Amino acid sequence: MLFHGVGDNSAVMWLLNMKELTRHFYCIAVDTIGGPGKSVPNGNYSKQTFRQVEWISSIADSLNLRTFNIAGVSNGAYMAFNYATQKSERVERVVCMEGGMVTAPFKAMLQTMLMMFPEILVPTRNKGFLLRQGVER
């Protein structure tokens, strides 16, 4: 289970890595509630009462995952770490990554922007493009 950072969504965060990740793992990239992805808060969501650990467990339960690997970048790393410390019996491995300026940040940002540019200009042109990229084997 993969979690993105703040201000991103799963499609953008994992796009450059998904093909390689899916060669080794069954990947579920989750858009966090309230982020710019597809997980839109409904009337039951409140920042004051949101239970993140229970939410992640409910995702795993709905997918019939008793144990799983969990990884995240930036805030997603916090979510992965927080979940792993509170529900260690369900976590096989945890990977926490910082998204900041590690190596060649400008090159990675430029590469992502060039890949995303057509979708940004004409979002309906190729509906679902980003999500399909990681599932091709």
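Against the conditions (1) open to solvent by 30 Å² or more (accessible area, probe 1.4 Å); (2) small (G, A, S); (3) at pLDDT 70 or above; (4) over 18 Å from N75 (Cβ atoms), where does A29 fall short? Just the number, please.
Among (1) open to solvent by 30 Å² or more (accessible area, probe 1.4 Å); (2) small (G, A, S); (3) at pLDDT 70 or above; (4) over 18 Å from N75 (Cβ atoms), A29 violates only (4).
What is the residue count in segment 76-91 for residues that are open to solvent by less than 60 Å² (accessible area, probe 1.4 Å) and either at pLDDT below 90 or polar (S, T, N, Q) (or both)?
4
For the structure I just gave you, tell me whether R66 is open to solvent by 80 Å² or more (accessible area, probe 1.4 Å), modelled with pLDDT of 95 or more, farther than 15 Å from D31 by Cα and in contact with a helix residue (DSSP H, G or I) (Cβ under 9 Å, 6 or more places away or on another chain).
Taking the combined requirement at face value, the residue satisfies it.
I need every pair where a residue in segment 17-28 that is closer than 10 Å to M1 by Cα has its Cβ under 6 Å from the Cβ of a residue that is assigned to a helix (DSSP H, G or I), sequence separation at least 6 or different chains.
Correct list of pairs: C27/L21.
The values are calculated or read from the model by the stated rules, or taken from the named source; none is laboratory data. Since we're looking at a predicted model, the values are computed, not measured. Glycine gets a Cβ as well: all are built from the backbone with ideal geometry, and neighbour counts include every protein chain shown. Keep in mind that these areas ignore ligands, DNA and RNA; they rest on the heavy atoms of the full protein, side chains included. Shrake-Rupley method; radii C 1.70, N 1.55, O 1.52, S 1.80 Å.
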